[in-house]
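Only one structure is covered here, and it is reproduced in the block below.
The values are calculated or read from the model by the stated rules, or taken from the named source; none is laboratory data. In this text, all values refer to a predicted model and were calculated from it rather than measured experimentally. As a convention, Cβ positions derive from the backbone with ideal geometry for all residues, glycine included, and neighbour counts pool all protein chains shown. Side chains are part of the model used for accessible areas, which takes the heavy atoms of the whole protein and leaves out ligands, DNA and RNA. Shrake-Rupley method; radii C 1.70, N 1.55, O 1.52, S 1.80 Å.
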Amino acid sequence: MTSEEIKALEKEVKKNKRLASEQAMELHDLIEDKLPDAYGELMGIAQATFDACKTWDEANQKLLAAQSETA
């Protein structure tokens, strides 16, 4: 993999980590400020947080594999 491709993967990982963190903050805010009244929102926000974290993890694993190939 070229250094440009690795840089693109690094950028993707950073973006996905930011999105996962934003989703985690939304879940945290729901738990801290809105429960138990807004319990109907819990599953949707929890699933979105899970999906965002999984997307980050997949991108991160791809980056780590690419970095180990070039090492």
Flagged pairs (Cβ under 6 angstrom, 6 or more apart or on separate chains; first in the stretch 16-39, over 25 Å from Ala59 (Cβ atoms); second in a helix (DSSP H, G or I) and open to solvent by less than 70 Å² (accessible area, probe 1.4 Å)) are Leu30/Ile45
Filter the stretch 1-25 down to residues that are in a helix (DSSP H, G or I) and aliphatic (A, V, I, L, M) and give me whichever is nearest to the chain's Cα centre (by Cα).
Ala20
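If you scan the stretch 7-65, which residues turn out to be among the aromatic types (Phe, Trp, Tyr) and surrounded by 17 or more Cβ atoms within 10 Å (Cβ to Cβ)?
To start, the set of residues in the stretch 7-65 that are among the aromatic types (Phe, Trp, Tyr) comprises 39, 50, 56.
Selection gives Trp56 alone.
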